[in-house]
Amino acid sequence: MTQFKNVGVLTGGGDCPGLNAVIRSVARSCFNRGIRVWGVRNGFGGLVENDIGEMVDRDVSGILHRGGTILGTTNRDNPFNYAIPHDGGYIYKDMSPQALANLKSRGIEALVVIGGDGSLRIANEFTQLGLPVVAVPKTIDNDIPGTERTFGFDTAVACASEALDRLHTTAESHHRVMLLEVMGRYAGWIALHSGMAGGADVILLPEVPYKIEAVVAKIYARKAQNKLFSLVVVAEGAFPLGGEVTVARIVEGSAEKIRLGGVGEKLARQIEELTGLESRCTVLGHLQRGGSPTAYDRILATRYGVAAVDALLAGKAGTMVALQKNRIVTVPIKEIAGQPSNVPPDALHMGRAIGLCFGDEA
């Protein structure tokens, strides 16, 4: 068994319900083994800027239920391509040697990285430089390969499902078509699960390019059965057959240059024009990423935190802890970093069996 005296922990990328639960779990797992814990503030930028502080038990007391992250986070800073202010603009430099030197100055021998796909890529690069790293998969999108579930996903689905419950009553009262646009980037996990749980009639996913004719046909079929309203869930990355994703805006210099959004409003206008039925769109946006984690996410986050420390001590650096068949396992980061995890076709079988429309049939 490998023994460490000092372990660092950081949260990278977007915020997510359950981050604090992982931090708490990592810290307490270390404390109970006599290991000192150092919190890296504001993601990987904290490694470069030397914004690192030792954590004690009171720092992680009372944070299990809190959303966000007590350490702060960002999806901008990559130590291997770090933005340095220069002549009113920026130049980009490899600051990984500085990051490693800052860790060494505090005696930090290993790092737990809690993050999504971008954080995994950076974690993999640090692993190749010899730093012992174990990653914890974090994203509401559930789009990280190698694991069946990322923490934060259950909370996001619960938020979207509750929104659908509320939209259902107003849709039925006013005989409207109500659309709910949810997050997920280029994966449709949130749309699929929340749509199923919330009783949607149409679910549109990035994995299944839709035909507007199929959506309209489903709405007309319901009307013929005297069902005078419809619920449509659309993932922000959904797009029509032969078309492209809807881009809200492009932000130059950002790690997430392309910001998706607007497909729900576009669909609402099309549906209203083609059917004459009043159609409204609600965009949940960052509501899905905020607030307290569900009980499931708190437990999963705690399991991941303990497993991350166990993996470090077992000499399994360079891995990500993952959930497979309800067991926590480790998978090599290099095999999954930068890879997508999309909804497979067989995951749609249940929906099709109960008559849901996924927009691919006319």
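What the table below lists for this structure:
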{"item": "Candidate set: segment 251-290, residues that are among the hydrophobic types (A, V, I, L, M, F, W, C) and within 19 Å of E172 (Cβ to Cβ); chosen: the one modelled with the lowest pLDDT", "result": "L277"}
{"item": "Which listed residue, of V233, V216, V245, is closer than 22 Å to A156 by Cβ, modelled with pLDDT of 95 or more, surrounded by 13 or more Cβ atoms within 10 Å (Cβ to Cβ) and in the same structural domain as L284 (by TED's automatic domain parsing)", "result": "V233"}
{"item": "Number of the exception - N342 against (1) at pLDDT below 95; (2) not in a loop (DSSP other than H, G, I, E, B)", "result": "(2)"}
{"item": "Criterion violated by A158 - all others in (1) surrounded by 22 or more Cβ atoms within 10 Å (Cβ to Cβ); (2) in contact with a Ser or Thr (Cβ under 6 Å, 6 or more places away or on another chain) satisfied", "result": "(1)"}
{"item": "Conditions (1) crowded, with 19+ Cβ neighbours inside 10 Å; (2) touching a residue at least 40 places away in the same chain (Cβ under 8 Å); number of the one not met by L274", "result": "(1)"}
{"item": "Count - residues of segment 1-42 that are in a loop (DSSP other than H, G, I, E, B) and of a type in the set (G, A, S)", "result": "5"}
{"item": "Pick from segment 277-298, criterion surrounded by fewer than 20 Cβ atoms within 10 Å (Cβ to Cβ) and touching a Phe, Trp or Tyr at 6+ places or on another chain (Cβ under 9 Å), ranking: nearest to P240 (Cα to Cα)", "result": "L277"}
{"item": "Residues of segment 76-107 satisfying the condition of being of a type in the set (A, V, I, L, M, F, W, C) and assigned to a strand (DSSP E or B)", "result": "A83, I84, I91"}
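The values are calculated or read from the model by the stated rules, or taken from the named source; none is laboratory data. All values reported here derive from a predicted model rather than from experimental measurement. No Cβ is skipped: glycine too gets one built from the backbone with ideal geometry, and neighbour counts run over all protein chains shown.
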